[in-house]
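What follows is a set of notes on a single structure, which appears directly below.
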Number of protein chains: 2
Amino acid sequence: MAASLLLTNVRPMAGPARDVLILDGRFAPEGAAAPAGVAVEDGGGALLIPGLVEAHTHLDKSLLGLPWYRNEVGPRLIDKITNERESKKRLGMEPQRQSERQAILSVANGSTHIRSHVDVDTVQMLEGIEGVMATRDKLADLIDIELVAFPQSGMMIRPGTTDLMEEAMKLGCEVVGGLDPCGIDRDPKGHLDFVFALAERYGKPVDIHLHERDTMGGFSMELIIERTEALGMQGHVTISHAFCLGMPDRAYVAELTERLAKARIHIMTTGPAAVTAPAVAELRRAGVVVCSGSDGIRDTWGPWGNADMLERAMFVAQRNNFRRDDEVEAALDVCTYGGAAVMERSDYGLAPGCLGDCVLVEGEAIADAVASRPKRNLVVKRGRIVARDGACIAEAP
Amino acid sequence: MAASLLLTNVRPMAGPARDVLILDGRFAPEGAAAPAGVAVEDGGGALLIPGLVEAHTHLDKSLLGLPWYRNEVGPRLIDKITNERESKKRLGMEPQRQSERQAILSVANGSTHIRSHVDVDTVQMLEGIEGVMATRDKLADLIDIELVAFPQSGMMIRPGTTDLMEEAMKLGCEVVGGLDPCGIDRDPKGHLDFVFALAERYGKPVDIHLHERDTMGGFSMELIIERTEALGMQGHVTISHAFCLGMPDRAYVAELTERLAKARIHIMTTGPAAVTAPAVAELRRAGVVVCSGSDGIRDTWGPWGNADMLERAMFVAQRNNFRRDDEVEAALDVCTYGGAAVMERSDYGLAPGCLGDCVLVEGEAIADAVASRPKRNLVVKRGRIVARDGACIAEAP
């Protein structure tokens, strides 16, 4: 649903105050005449930024709105995966309802786009996919949601999962997911050959969780680069987390970075504080697109997360020791333009002709907004107001 | 100023709901009868936690309330130190006013105690000390503030600074500070001999900023341990930041940890995301007291910080990959009891007889409050309400 809206007295990217017109869902050229009777919102001198992009989360398994979950899970990755798979029914993690709750919180906090990984496994089968698809359709006027079919529990180690992955793509998932080809799935060639073949068969991009550290992660990354180039999928592959890019061997990381840039593979980082992490400035200097996301929000993995991508920009900045204004601006760029590039949205941004997806927020400067993270004054999706004063127009179930 | 207050329907440390009575500024035993006419506050089932402790900040040089400072400072520690010293006058960083602004924000967010390092150097001389002391006295009924005389620009490399440090102690600073004996002051023996001699002369504790990494930091730490033991200052020495305890050589770290525990030296960590950092769980298991603080808040070093020690507990938790409820509870313990122990407050806590310093905050569990960080419902200092609904009773200048 496209609408027209005149935002008066706003400061695009902290620049001089001016009026901004959205006409039939797209930004009009500066100075274009507003049609009679157009809806008007007084921006009060607030910052105008493009819609925030939540480029990595798990809508299907948040615990938002459910009773407090006392977390007593073991320390290994596989402990968390197993515990989650076995807890879903018991805890009432109904994918449609939970994804709607989280997506509405995202809208309230200014996100206009979400890429969500959604579990596909032999226990839950395609219930997660179907639930999040229902939310995607229900909230289509509020936020763009795309689904990554995500084999959270592994594929090679859990027979039957590859068939379900194919079913998920037939149902309409926008992206093929993958996960730790060595660390979890124990068969990097088998795992990646399947992921890339599926992507080729359905003409869809790839987004692979890669928690593997150091040289094991580097090895998996090399295999991903080789397949991306062999299949001509440059620009359509994302590696999420990529902890290995924070390894101490910086010469090897520089080599991997160069190869990632050449293959136009994107990197998603949450700015994690406790593990080695990609160096955002280095990647961007090399020409690699970097995006970010909340990852899981209040789930069985931990209590963290609030779907606020301005706060995420702060985490990314702090993880990378960004302090200067230009550095903090780069962190916001990761959480806006970076995510939009990864989601292959060509009509994203504040330029004339782009879709009218934007956020009004108080702040003296971009870095002020990122550091202070006040409630969003206004969130606009294709010219329509979808949140005001930190509250979405839709109520969470 | 001590007062009496009956808090009804509160959940101490997320336990069962009950009434809590503060009599003449101290917690009364459970079940003690409330005197007629005592002030009553309905807690509405909120969590009751002890007052938060901001155990490491720099009240004298926040930019709160001043025009936006566009940060274009160089990357080295010495760049930030030099830039700050040379910018204070130009930017209007008047120590009394700025410290009052920050301290009032701390009260609003539930801190009842602050340990503030305050710059002592040959440019600003003792103006910072005098300004923060004025704030300490002005806000004495709202929050306890103690000052660390802090040679931010070095002592051995800046002649005249040691005399000023001695003057600061004569004026009534509560703690002797120090800074990177190797990395900044280039004379570890000279620096530490002076710091410890001054502390001995005035019978005061020591708190030393140690940003030095790896074995250089380990060397400085060894020198600090030696002096602590030689002077019988066990329990009265804190090492702030202690980045070196995050070094890869875990056998050496284990040895240092054991020596720190034996010398009863405390560690302050902000939970920094971008540098190696002390492992909080390991230190606590070894018996080392760990506290935390915001460090600089919105200053010339960076835009970060909001004086919210619940948010700080989140940073400490995330830096240490704490996810389980018991782990997040430990992070809050660092930001409450840990800080109080470092500030040598024997009458701190929720037990009968302790000073009535506490915070009411919404949350289903401790980890919920730390992850959600809602505005504080009520902040109480010695039985007196000093903040309500996120606002301090005193207005910032």
Exercise for review: Just need a number here: residues in region B:299-325 that are in a loop (DSSP other than H, G, I, E, B), more than 7 Å from chain A (Cβ to nearest Cβ) and not small (Gly, Ala, Ser).
Suggested key: 4
Revision key, fill the gap. Scanning region B:1-27 residue by residue, those farther than 28 Å from B:Asp368 by Cβ and in a loop (DSSP other than H, G, I, E, B) turn out to be B:Met1, B:Ala2, B:Ala3, B:Ser4, B:Asp24, B:Gly25
Point to revise | Which listed residue is within 14 Å of chain B (Cβ to nearest Cβ) and of a type in the set (A, V, I, L, M), from A:Ala351, A:Ala387, A:Ala330, A:Ala341 | key: A:Ala330
Review point. Give me the pairs: first residue in region A:2-19 and on the phi > 0 side of the Ramachandran plot, second residue assigned to a strand (DSSP E or B), beta-carbon distance under 8 Å, and six or more apart or on different chains, which are they?
Key: A:Asn9/A:Arg18; A:Asn9/A:Asp19; A:Asn9/A:Asp42; A:Met13/A:Leu47; A:Met13/A:Leu48; A:Met13/A:Ile49; A:Ala14/A:Leu47
Check your understanding: B:Ala251: more than 14 Å from chain A (Cβ to nearest Cβ) and either touching a residue at least 40 places away in the same chain (Cβ under 8 Å) or small (Gly, Ala, Ser) (or both), yes or no?
Key -> yes
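Rundown of residues vs (1) on the phi > 0 side of the Ramachandran plot; (2) touching a helix residue (DSSP H, G or I) at 6+ places or on another chain (Cβ under 7 Å); (3) among the aliphatic types (A, V, I, L, M), yes/no style:
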site	(1), (2), (3)
A:Asn83	no, no, no
A:Met93	no, yes, yes
A:Leu105	no, no, yes
A:Gln124	no, yes, no
Practice item. Considering only region A:106-185, give the strands (runs of 3 or more DSSP E) lying wholly within it that have at least 3 residues that are β-branched (Val, Ile, Thr) and outside the structural domain of A:Val361 (by TED's automatic domain parsing). Key: A:111-119
Revision key, fill the gap. By residue number, the members of region B:283-298 that are assigned to a loop (DSSP other than H, G, I, E, B), of a type in the set (A, V, I, L, M, F, W, C) and either touching a Ser or Thr at 6+ places or on another chain (Cβ under 6 Å) or buried (at least 23 other Cβ atoms within 10 Å of the Cβ) (or both) are B:Ala286, B:Val288, B:Ile297
Revision key, fill the gap. Residue hits (region B:199-220; crowded, with 22+ Cβ neighbours inside 10 Å and assigned to a helix (DSSP H, G or I)) are B:Ala199, B:Gly217, B:Ser220
Check your understanding: Does B:Gly349 fit the bill of being farther than 23 Å from B:Ser116 by Cβ, in contact (Cβ under 8 Å) with a residue 60 or more places away in the chain and touching a Pro at 6+ places or on another chain (Cβ under 9 Å)?
Key -> no
Check your understanding: Of all the residues that make up region A:234-274, how many are buried (at least 20 other Cβ atoms within 10 Å of the Cβ) and either in a loop (DSSP other than H, G, I, E, B) or among the charged types (D, E, K, R) (or both)?
Key -> 8
Check your understanding: What about B:Ala277, is it away from every other protein chain (no Cβ under 14 Å), crowded, with 18+ Cβ neighbours inside 10 Å and of a type in the set (A, V, I, L, M, F, W, C)?
Key -> no
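For (1) at pLDDT 95 or above; (2) closer than 23 Å to A:Pro303 by Cα; (3) in contact with a Ser or Thr (Cβ under 6 Å, 6 or more places away or on another chain), each residue gets a yes or a no:
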site: B:Asp249; (1), (2), (3): yes, no, no
site: B:Val253; (1), (2), (3): yes, no, no
site: B:Ile267; (1), (2), (3): yes, no, no
site: B:Ala281; (1), (2), (3): yes, yes, no
site: B:Gly305; (1), (2), (3): yes, yes, yes
site: B:Gln318; (1), (2), (3): yes, yes, no
site: B:Glu327; (1), (2), (3): yes, yes, no
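The values are calculated or read from the model by the stated rules, or taken from the named source; none is laboratory data. Bear in mind that the values here come from a model prediction, so they are computed numbers and not experimental data. Using ideal geometry, Cβ is built from the backbone for each residue, glycine included, and neighbour counts are taken over all protein chains shown.
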